[in-house]
1. What number of residues within region 97-116 are open to solvent by 50 Å² or more (accessible area, probe 1.4 Å) and modelled with pLDDT of 95 or more?
2. State whether one or more residues within region 19-41 are open to solvent by 90 Å² or more (accessible area, probe 1.4 Å), more than 13 Å from the chain's Cα centre (by Cα) and within 21 Å of Ile127 (Cβ to Cβ).
3. Can you tell me which of Ala133, Ala154 is open to solvent by 30 Å² or more (accessible area, probe 1.4 Å) and not in a strand (DSSP E or B)?
4. I'd like the residue in region 10-64 that is of a type in the set (Val, Ile, Thr) and assigned to a helix (DSSP H, G or I) and, out of all such residues, is nearest to Arg94 (Cα to Cα).
5. Taking the options Leu64, Leu81, name whichever one is open to solvent by 50 Å² or more (accessible area, probe 1.4 Å) and among the aliphatic types (A, V, I, L, M).
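The values are calculated or read from the model by the stated rules, or taken from the named source; none is laboratory data. All figures in this text were calculated on a predicted structure; none of them were measured in a lab. So basically every Cβ, Gly included, is an ideal-geometry build from the backbone, and we count neighbours across all protein chains shown. All accessible areas refer to the heavy atoms of the entire protein, side chains included, with ligands and DNA or RNA removed. Shrake-Rupley method; radii C 1.70, N 1.55, O 1.52, S 1.80 Å.
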Amino acid sequence: MRSKWPHNAEYAVKKFSLGALHVVNFVFAFHLFKEFVGSPSLMAGPSMLPTLGTQGELVIESILPHRLFPNRLARGELITLRSPINPSRVICKRVIGLPGDVICVDPSGLKAPSTEHVVIPKGHIWIAGDNSACSTDSRDYGPVSMALMRGKVAARIYPFHRFKIFSSNSTFIDV
């Protein structure tokens with residue numbers, strides 16, 4: 001009598017391999033979606049108070065629109081970018097100035113004289129935290145390369161009672 005063992009083992013190996021392939025495909029698809037389309041991100045720290053809390057809030061980071069239309073960036077938008085000081089960190093800041101804008105380096109006078117101005121070079125932006133007293137931003141490291149930008153913060157989804165969809169409605173003086 002012939003044993004069914006080799007046939008059963010071959011079937012089990014094929015079934016396991018197919019399952020493993022599905023898992024690998026899912027992991028790759030998830031990674032590609034997260035890196036190129038968008039993903040939830042945890043934001044924590046005092047630099048964006050009161051817009052984002054210090055204890056960590058879950059936001060949706062929209063990456064695809066920035067990659068497809070990099071010139072549609074607007075003043076007032078919340079963005080995520082690689083930190084110019086520590087590229088392993090992702091930071092969240094507000095866009096204050098676009099290429100060609102003349103920006104007052106520090107209107108508060110905390111880090112530079114309030115009379116100091118700078119022209120934002122092509123391919124760069126000026127960013128700031130909403131809580132200027134606790135923010136490391138363009139007042140410290142100057143205009144930031146747009147190549148460091150990851151995406152826009154589309155919405156805060158957690159904590160649920162603070163759910164908000166962000167827009168670029170901002171007020172600025174155009175002279």
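1. 3
2. No, because not a single residue in region 19-41 is open to solvent by 90 Å² or more (accessible area, probe 1.4 Å), more than 13 Å from the chain's Cα centre (by Cα) and within 21 Å of Ile127 (Cβ to Cβ).
3. None of the others qualify; the one that does is Ala133.
4. Filtering first and then ranking leaves Val27.
5. It is Leu64.
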